[in-house]
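S.K.: Here it is, the structure in full.
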Amino acid sequence: MSVWRRSFLVTCGQAAAKGLEDHPSKPVFSEDSLHLDAIVTRYGELREQFVSQHGMVGGLLANHKVAALYISILSRTPPEHLFTFTHETPIGERRLALAAMMNAVVLGVLQIDPATVNEALQDDLEYCLLKEPPSNLEWICFGMHALCRHLGRPTNIKNY
């Protein structure tokens, strides 16, 4: 399972870097980062705690909760742990790369077609990922649930 989770995060990180390749920061996603392995491990531990505490049958977890867990962990990860930047890259540009990766995670886990995300919704999502310190996991779950109900495909999943 951790290999699949790592592959999913690599895909999201690569999508973020590709989306910002014309941006002045030109981040490069570090597929071989040991921090990525630590994120996957931490996610697995947090997911197991969440499944156990909420009594989820067979390890199933709603996809909006899966997205919230990933966002909670990634939001506490310094961008330099996953991306390579030039020395002069400002912190805001570094955070943008991480937010782009989290955006890819949200769209992937919630099964949202990127073509359905309008500019206003994208602005709201980027605001949440860049400006709001998501220290409250329930707040993130609520936000992900609302987004999933609006554009996504609500489902219970075991794979993520």
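All of the numbers you see were taken from the coordinates with simple rules; none came from a lab. Just so it is clear, the model here is predicted, and its values are computed rather than measured. Every residue, glycine among them, receives a Cβ derived from its backbone with ideal geometry; neighbour counts consider all protein chains shown.
S.K.: Answer with one residue from VAL105, LEU69, PHE29: the one whose Cα lies farthest towards the positive end of the charge dipole of the range 1-148, charges on Cβ with Lys, Arg +1 and Asp, Glu -1.
M.R.: The listed residue farthest towards the positive side: LEU69.
S.K.: How many Å³ per residue does the convex hull of the Cα positions in the range 1-49 occupy?
M.R.: 70 Å³
S.K.: Could you give P(r) for the range 1-102, binned at 5 Å from zero, as whole percent values over all Cα-Cα pairs?
M.R.: 2, 13, 23, 23, 16, 11, 7, 3, 2, 0
S.K.: What residue among THR155, THR11, GLY143 has its Cα farthest toward the positive end of the dipole of the chain, where the charges are +1 on Lys, Arg and -1 on Asp, Glu, each on the Cβ?
M.R.: Going by the Cα projections, it comes out as THR155.
S.K.: Also, I was wondering about something else. Any chance you could run the full-extension gain for VAL28 through GLU45? It's 0.36 nm times the residue separation minus the Cα-Cα distance, nm to one decimal.
M.R.: 3.4 nm
S.K.: While we're looking at this one, here's another question. Estimate the FRET efficiency between PHE142 and GLU88 by the formula 1/(1 + (r/R0)^6), using the beta-carbon distance for r and 45 Å for R0, to the nearest 0.05.
M.R.: Efficiency computed from Cβ-Cβ geometry: 0.75.
S.K.: So, one more: For the ranges 35-46, 63-74, what's the packing order if you count other beta-carbon atoms within 10 Å of each residue, average per peptide, and put the highest first?
M.R.: 63-74, 35-46
S.K.: Report the normalised scattering of the range 39-160 as log10 I(q)/I(0) at q = 0.18, 0.20 Å⁻¹, calculated by the Debye formula with identical scatterers on the alpha carbons.
M.R.: Debye intensities relative to I(0), on a log10 scale: -0.96, -1.15.
S.K.: Give me the dipole magnitude in Debye, nearest 20, for the chain about the Cα centre, with unit charges on the beta carbon: positive for Lys and Arg, negative for Asp and Glu.
M.R.: 540 debye
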